[in-house]
Amino acid sequence: MAAEELCRAGRRFDDRGWVLGTSGNFSAVIARTPLRLAITPSTAFKGDLKPDQILEMDERGAVVSSRDDRARPSAEALLHLAIVQIRGAGSVLHTHSIWSTLLSEAYAAAGGLAIEGYEMLKGLEGVRTHEHREWLPIVENDQDIPRLSTVVRGTLERHPGAHGFLIRRHGMYTWGAELREAVRHVEILEFLLEAVARTRSMERSNTWPS
């Protein structure tokens, strides 16, 4: 079931251009004790995922079940584990949209991006008004994934109200209590990021309609 749902998410996000090439990775918790996650394999096209490609990994990021002995989860599997453990998430989704990538660079010096005043904010779990101020932290990209996962853990602890975060010039991570909620958060946050980026562009170029 989790494998099929992850494949559907892959097709949905690929159709929107949020996981081009082999970018992005998705996971869903299938057991808590011991911790087991269903996770997408490295280098897979998310729009073409098949259920038998989905791996099962443990709390250390080691594969415990796979149809393909050569398949490995993304190197960023440790980030999924960090989010599951700190947030108690049931699913973690990572996208690589153009808007999240651009904004992660534009607001990197500020350490994050504040989004407020949009009705779509009410699609985030627990948010009841467009007056909500959502803070998306931005962390520096790092190919040392154990070190990056430590940074992510600290970021999540410092910003307990955040529904996601950006990695500079890399993309967005978000999560949910279960996969359906995580998919909703991707769609809400990607909408908001595109709205912010397009608004910023029109303001800078003075192309607002008269």
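Every number in this text was worked out from the coordinates using simple rules, so none of it is lab data. The structure presented is a predicted model; accordingly, all values stated were derived computationally and were not measured. Don't worry about glycine lacking a Cβ; one is built from the backbone with ideal geometry, like all the others, and counts go over all protein chains shown.
Kirkwood radius, region 2-204, all distinct C-alpha pairs, inverse of mean reciprocal distance: 16.9 Å. Given their separation in residues at 0.36 nm each and the Cα-Cα distance between them, Ser42 and Arg180 gain 47.4 nm when the chain is fully extended.
Once you reduce region 82-118 and region 32-49 to the center of their Cα atoms, the two points are 20 Å from each other. Based solely on its DSSP helices, what 222 nm [θ] is calculated for the chain when runs of n ≥ 4 H residues each add -39,500 (n - 2.57) and the sum is averaged over all residues, nearest 500 deg cm²/dmol? About -11500 deg cm²/dmol.
Length available on full extension from Glu105 to Arg128: 0.36 nm per residue minus the Cα-Cα distance, which gives 5.3 nm.
Computed extension gain for Ile86 through Glu119, at 0.36 nm per residue and net of the alpha carbon distance, reaches 9.1 nm. Using a simple spin-label model with pseudo-atoms 7 Å out from Cα toward Cβ, Arg8 and Asp144 lie 4.1 nm apart. Mean silhouette area of region 76-136, derived from the convex hull of its C-alpha atoms and averaged over all directions, reads 5.2 nm².
Helices meeting the span-like rule in the chain (full DSSP H runs, Cα extent of at least 27 Å along the helix axis, mean Kyte-Doolittle score of -1.0 or higher): 179-205. When you count the other C-beta atoms within 10 angstrom of each residue and take the mean per peptide, 15-22, 34-41, 133-140 line up highest first as 34-41, 133-140, 15-22.
Sorting 80-88, 111-119 by their mean Cβ neighbour count within 10 Å, with the most densely packed peptide first, gives 80-88, 111-119.
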